[in-house]
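Read the structure below first, then the notes.
The values are calculated or read from the model by the stated rules, or taken from the named source; none is laboratory data. Owing to the predicted nature of the structure, the values given are computational and were not obtained by experimental measurement. Cβ sites come from the backbone with ideal geometry, for glycine too, and all protein chains shown count toward neighbours.
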Amino acid sequence: MSTTEVVTPLTTGTWSVDPAHSRVGFAVRHMGIATIRGEFTKFEGTLEVSADLSSAHAGGSVEVASVFTNEPQRDEHLRSPDFFDAEQYPTISFASTAIEPTDATSFKVTGNLTIHGVTNEIVLRAVIQGTDVDPWGNDRVGLEVTGELSRSDYGMDFNMPLSSGAVLVSDKVKLAIDISAIKQS
């Protein structure tokens, strides 16, 4: 059996997420007829890249209280015990357990996601959007990370039935994370 080495555009070292040029977003169906999008405005993350991709690591966290959907009343409800319970569970965290290339710029990232005090394994898809040197001499990488989860897997079961048979909030949540990271070492 032979293995094929995948060469990525990322150089080895530690890469830190630049929050000013990144976004941690989500989307969920409302009443089965509309999609509500939101994001967390306070977050951090790192990517450790080694010569052997099997020992690479990605991780990060978000401050739950920073949830923003452009509707203050909804944001307060999301912070409440009905959903995230930001007072009791102030952070959401992710730590990769495996990063596997699917081609030269795409990766399957498996890891542990902790939301609402519950940790489950999740598989994300990461695509390198490009690398470059910024005007200040910093090496940068752009990543698009997507995935999907069920709220109920994390103990967030709040819902209201509608007369149509649908529910107020879908159980399925789509993740859309756009990362700009700067090489630190």
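Go through the range 146-185 and give me each residue that's of a type in the set (Val, Ile, Thr), closer than 20 Å to residue 29 by Cα and in contact with an Asp or Glu (Cβ under 9 Å, 6 or more places away or on another chain).
173, 177
If the condition is being in contact with a helix residue (DSSP H, G or I) (Cβ under 7 Å, 6 or more places away or on another chain) and either in a helix (DSSP H, G or I) or at pLDDT below 95 (or both), then the range 115-156 contributes only 116.
Taking residues in the range 65-89 that are under 18 Å from residue 154 (Cβ atoms) and of a type in the set (D, E, K, R), and partners anywhere that are surrounded by 15 or more Cβ atoms within 10 Å (Cβ to Cβ) and modelled with pLDDT of 95 or more, the pairs with Cβ atoms closer than 7 Å and at least 6 places apart or on different chains are 79/64; 79/65; 79/67; 79/86.
Take the residues of the range 163-180 that are small (Gly, Ala, Ser) and modelled with pLDDT of 95 or more: which is farthest from the chain's Cα centre (by Cα)? Spell out how you get there, then give the answer.
Within the range 163-180, the subset small (Gly, Ala, Ser) is 163-166, 170, 176, 180.
Subset that is modelled with pLDDT of 95 or more: 176, 180.
Values: 176: 7, 180: 13 Å.
Filtering the range 163-180 for residues that are small (Gly, Ala, Ser) and modelled with pLDDT of 95 or more, the one farthest from the chain's Cα centre (by Cα) comes out as 180.
In the range 40-59, the qualifying residues are those that are among the aliphatic types (A, V, I, L, M) and in a strand (DSSP E or B), and the one that is nearest to residue 123 (Cα to Cα) is 58. Within the set 102, 97, 114, 119, the sole residue that is hydroxyl-bearing (Ser, Thr, Tyr) and within 15 Å of residue 43 (Cα to Cα) turns out to be 114. Quick one: residue 172 ticks every box in (1) closer than 20 Å to residue 16 by Cα; (2) touching a residue at least 12 places away in the same chain (Cβ under 8 Å); (3) outside any loop (DSSP other than H, G, I, E, B) bar one, so which box is it? Result: residue 172 fails condition (1) only.
Of the residues 77, 116, 21, which is out of contact with any strand residue (DSSP E or B) (no Cβ under 6 Å at 6 or more places or on another chain), farther than 21 Å from residue 148 by Cα and either surrounded by 13 or more Cβ atoms within 10 Å (Cβ to Cβ) or of a type in the set (Phe, Trp, Tyr) (or both)?
Details: 116 fails: farther than 21 Å from residue 148 by Cα; 21 fails: out of contact with any strand residue (DSSP E or B) (no Cβ under 6 Å at 6 or more places or on another chain).
Exactly one residue qualifies, and that residue is 77.
Among the numbered conditions (1) part of a loop (DSSP other than H, G, I, E, B); (2) surrounded by fewer than 17 Cβ atoms within 10 Å (Cβ to Cβ), the only one that residue 110 does not meet is (1).
Among the residues of the range 80-107, the one identified as charged (D, E, K, R), exposed (fewer than 14 other Cβ atoms within 10 Å of the Cβ) and at pLDDT 95 or above is 87. Mind telling me which of the residues 29, 37, 74 ends up being modelled with pLDDT of 90 or more, in a strand (DSSP E or B) and basic (Lys, Arg)? When all the criteria are applied, what remains is 37.
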